[in-house]
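Peer 1: My questions all concern the structure below.
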Amino acid sequence: MEKWFNVGKIVNTHGLQGELRVLSKTDFPEKRYKRGNTLYVFMPGDQEGTPVTIEKHRQHKSFDLLTLKDYENINKAEALKGGILKIRESQLGQLEENEYFFHEIIGCSVKTLEEEEIGTVKEILTPGANDVWVVKGKAGKEHYIPYIEDVVKKVDIANKVIFIEPMEGLLS
């Protein structure tokens, strides 16, 4: 069975030229929204997506704005509101060493090098120079772990565990 991965949700239209306002959930917006790339739109209740081709991409505030081939006006674009943009597993591509897809990191348990349990990665933030992993601790407290060599020492995707060496104040 085909495995699908969410790229973003179409939350609204933007302007009269058919631009779609997308709340992104992708690791690589510059790659996913590249002109000519194919994504699949899943409307509520759809079991199979409708393929669409990217014409234009730009960022506006906290949204990605997309124009899709054959949806270049407001009337056509309106029909896609509420849709989920996805890619097939075969479209994921290859990563460099020490790079991971969001779906590989989210759900991993986080421990110190001394095997002390910190919590589970619930979300990944991408604020700038490096990603920040949001780890929900045992008591419900959230910890923000920067994905940098000084802190993250080992990522074991197969066993869904990440080992860190916390900097002073990181877990307080």
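Just so it is clear, none of the values below were taken in a lab; they were calculated from the coordinates. The shown structure was predicted, so the numbers you read here are calculated from the model rather than taken from an experiment. So basically every Cβ, Gly included, is an ideal-geometry build from the backbone, and we count neighbours across all protein chains shown.
Peer 1: Taking the simple approach of a point 7 Å from Cα along Cα-to-Cβ for both Q17 and N159, what is their distance in nm?
Peer 2: Between Q17 and N159, the simple spin-label model gives 5.3 nm.
Peer 1: About the Cα centre, and with charges only on the beta carbon of Lys, Arg (+1) and Asp, Glu (-1), how big is the dipole of the chain? Nearest 20 debye, please.
Peer 2: Details: 24 positive and 28 negative charges, 174 e Å.
The dipole of the chain has a size of about 840 debye.
Peer 1: With viscosity set to 0.692 mPa s and temperature to 37 °C, compute the Stokes-Einstein D of the stretch 4-90, Rh being the Kirkwood radius across alpha carbon pairs; µm²/s, no decimals.
Peer 2: On the way: Rh = 12.5 Å.
Calculated translational D: 262 µm²/s.
Peer 1: Output the pairs from K31/K122; K34/K61; K61/K153; K61/K111; K3/K61 with a Cα-Cα distance over 29 Å in this structure; if there are none, say none.
Peer 2: Table pairs above 29 Å Cα-Cα are K61/K153; K61/K111; K3/K61.
Peer 1: Taking 8 Å as the Cα distance limit and 6 or more residues as the minimum spacing, I'd like the relative contact order of the stretch 102-164 as a percentage. Walk me through the numbers before you get to the answer.
Peer 2: Numbers: 123 pairs, mean separation 19.9, N = 63.
Relative contact order of the stretch 102-164: 32 percent.
Peer 1: Farthest toward the dipole's positive end in the stretch 102-164, which of L113, F163, A139, given Cβ charges of +1 (Lys, Arg) and -1 (Asp, Glu) about the Cα centre?
Peer 2: It is A139, whose Cα lies furthest towards the positive end.
Peer 1: Still on this structure, please answer the following. For K76, which aspartates and glutamates qualify as cross-link partners when the Cα separation must be under 20 Å and same-chain residues fewer than eight apart are set aside?
Peer 2: E19, D46, E48, E55, D64
Peer 1: Another question, then. So I have (1) 34, 24, 14; (2) 30, 18, 13; (3) 35, 16, 14, and one of them is semi-axes √(5λ) of the Cα gyration tensor in Å calculated from this model. Which one is it?
Peer 2: This structure yields the entry labelled (3).
Peer 1: Is the shape of the stretch 77-121 rounded, prolate or oblate, going by the alpha carbon gyration tensor and its root eigenvalues a ≥ b ≥ c, with a/c under 1.5 for rounded and a/b larger than b/c for prolate?
Peer 2: oblate
Peer 1: Relative to a virtual label point 7 Å from the Cα of A79 in the Cα→beta-carbon direction, which members of the stretch 48-62 show backbone nitrogen distances below 18 Å?
Peer 2: Residues 48-55 fall inside that zone.
Peer 1: Further question: Taking the Cα centre of the stretch 102-164 as origin, work out the dipole magnitude from +1 charges on Lys and Arg Cβ and -1 charges on Asp and Glu Cβ, in debye rounded to 20.
Peer 2: On the way: 8 positive and 11 negative charges, 43 e Å.
Rounded to the nearest 20 debye, it is 200 debye.
Peer 1: Once you keep just the Cα pairs under 8 angstrom separated by 6 or more residues, what percentage relative contact order results for the stretch 4-90?
Peer 2: Numbers: 199 pairs, mean separation 36.9, N = 87.
42 percent.
Peer 1: Classify the stretch 102-164: rounded, prolate or oblate, from the alpha-carbon gyration tensor (a ≥ b ≥ c, eigenvalue square roots; a/c under 1.5 rounded; otherwise prolate if a/b is larger than b/c)? All intermediate terms of the calculation are to be shown ahead of the outcome.
Peer 2: Numbers: a/c = 1.34, a/b = 1.16, b/c = 1.15.
Rounded.
Peer 1: Provide the FRET efficiency to the nearest 0.05 for the E89-S62 pair, computing r from the beta carbons and using R0 = 25 Å. Each step should come with its number before you reach the end.
Peer 2: Details: r = 28 Å, r/R0 = 1.10.
The pair E89/S62 has a calculated efficiency of 0.35.
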